[in-house]
1. Rounded to the nearest whole Å², what accessible area per residue is found for the range 1-121 with the 1.4 Å probe?
2. So, R0 is 51 Å and r is the distance between the beta-carbons of Asp60 and Phe355; what FRET efficiency does that work out to, to 0.05?
3. What do you reckon, how do Met411, Met45, Met371 stack up by accessible area (1.4 Å probe), largest on top?
4. With a 1.4 Å probe and every protein chain left in place, tell me how much accessible area Glu9 has, in Å² to the nearest 10.
5. Once amide H atoms are placed 1.01 Å from N in the peptide plane, what residues at a sequence separation of 5 or more from Gly103, or on another chain, have their amide H within under 5 Å of its amide H?
6. Of the cross-linked pairs Lys335/Lys380; Lys86/Lys114; Lys50/Lys86, which ones have a Cα-Cα span greater than 18 Å in the structure shown?
7. Mind checking the full-extension length gain between Met452 and Ser90? Use 0.36 nm per residue of separation minus the Cα-Cα distance, one decimal, nm.
8. Non-local amide H neighbours of Glu9 (under 5 Å, H modeled in plane, Pro and chain starts lacking H): which ones?
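The values are calculated or read from the model by the stated rules, or taken from the named source; none is laboratory data. From a predicted model like this one, the values you see are computed outputs, not experimental measurements. No Cβ is skipped: glycine too gets one built from the backbone with ideal geometry, and neighbour counts run over all protein chains shown. In case anyone asks, the SASA skips ligands and DNA or RNA and just uses the protein heavy atoms, side chains included. Shrake-Rupley method; radii C 1.70, N 1.55, O 1.52, S 1.80 Å.
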Amino acid sequence: MSHNNLMGEIPNLPFKLPLKPSILLNSNQFGGAVPSFLLQASDLMLSQNKFSDLFSFLCDKSENANLATLDLSINKLKGQLPDCWKSVNSLLFLDLSNNNLSGRIPPSMGTLDKLEALALRNNSLMGELPFTLKNCSNLIMLDVGENLFSGPIPSWIGENMQQLIILSMRGNGFSGNLPIHLCYLRRIQLLDLSRNNLSEGIPTCINNFTAMSEKSINSTETRSHIYWYNITYYATYGTFSFGEYEFNITLMWKGVEHGFKDPEMSLKSIDLSSNNLNGEIPKEVGNLLGLVSLNLSRNNLSGEIPFGIGNLSFLEFLDLSRNHFSGKIPATLSKIDDLGVLDLSNNSLCGRIPFGRHLQTFGASSFEGNMDLCGEQLNKTCPEDETKGKPQGFAIHGNDDNLAFYEALYMSMGIGFFTGFWSLLGPILLWRPWRNTYTRFLNRLTDYIYVMVAVNMARCRRWLKG
């Protein structure tokens with residue numbers, strides 16, 4: 001009876017539900033407490049209602065729970081989580097996201113050792129993640145984003161939850177370094193640790209993310225690994241399920257917050273933005289060939305952008321803005337044809353923006369804030385372009401050494417001319433005896449030339465008459 005306008009409270013009816021049905025009441029306006037008789041269902045879909053009380057539902061020991069799926073997302077649940085989770089330890093999927101829950105996660109939630117999906121996103125839960133959660137070793141999705149959690153990221157997430165495909169801890173107060181134990185998550189396809197207080201560097205062992213290294217996703221294998229709607233499900237819960245649970249995740253995608261359903265079927269993403277990470281991007285990131293989105297913006301990362309980042313041919317989103325990256329932009333970036341969003345702004349990059357059929361499509365906003373970067377996108381001429389515009393006499397000599405040689409040659413010729421001119425004519429012009437001697441010499445030379453010319457002309461006339 002989902003997607004209607006049903007309202008009011010559901011009474012705790014004395015019904016027996018021997019067939020363990022799937023009950024779908026989502027997208028209505030039911031409120032109040034969740035009635036405990038619904039514990040007899042195998043799948044209970046109550047999302048997008050106005051339920052406010054969960055305590056009586058979970059802590060009523062008169063009912064034998066057989067729940068595989070409990071979806072109470074987008075309701076009005078408030079207060080602390082009840083510490084009665086042992087009564088529903090058959091759960092596979094638990095979604096309490098988008099409510100008003102507060103306080104700490106109770107230790108009894110660690111008894112849900114069959115759990116495959118735990119979504120607590122967008123509440124006001126606080127404190128450190130309880131150590132008992134390490135017992136949930138079958139988790140495929142863990143989403144605790146947009147809460148008030150603090151403390152270090154537990155190493156047991158990597159050690160005990162090696163089946164994880166989706167891990168979202170965004171928008172909390174987690175601090176400390178990125179534990180290298182996260183590199184045990186070989187199946188991980190979506191890692192979101194953005195907007196925390198994480199520090200130190202990015203582990204070089206990220207190339208152990210095997211699923212991200214593969215260019216394609218075997219969705220059939222992934223779906224069979226996640227959903228138990230088959231003979232195994234029937235043997236465990238005594239029924240087949242008709243209320244299939246969909247994994248929902250919220251990401252900052254291409255600069256906009258976006259919701260994804262079943263993202264593990266198509267999306268491979270790493271988001272470590274808005275932390276205090278430092279050091280360089282490990283070159284091993286170039287091995288994550290299937291990566292679709294990489295966001296490392298708003299950190300204190302430095303060094304050069306790895307050349308191998310151009311190997312990520314499936315990359316659609318790359319944001320490295322507001323860091324301290326230096327050096328040139330790798331020319332290999334121009335090979336990523338699927339790249340739809342690129343942001344390298346506000347770094348210390350230098351040199352020319354590489355030529356390429358794809359990089360030319362990005363505007364100035366992708367590169368601004370790099371003082372020594374030049375190119376057409378920034379409408380800024382590169383130094384080598386100015387050299388080409390100089391006079392031809394300088395351009396042909398090539399490098400700076402040749403230019404210095406010719407400058408010295410021209411200078412020496414000028415000095416030589418000046419010295420010779422004044423050493424010869426200077427005394428004649430400035431000293432009278434020399435000037436008189438020079439004048440008498442010119443007069444005698446003129447007379448001699450005149451006599452010689454007259455004699456030769458007389459000889460020529462006599463020869464012509466004879």
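1. Computed with neighbouring chains in place, this is 42 Å² per residue.
2. According to the calculation, E is roughly 0.15.
3. Output order, biggest surface exposure first: Met371, Met411, Met45.
4. We get 140 Å² for Glu9.
5. Hits under the 5 Å cutoff: Met126.
6. Among Lys335/Lys380; Lys86/Lys114; Lys50/Lys86, the Cα-Cα distance tops 18 Å for Lys335/Lys380; Lys50/Lys86.
7. Between Met452 and Ser90, full extension yields 116.9 nm more.
8. Gly31
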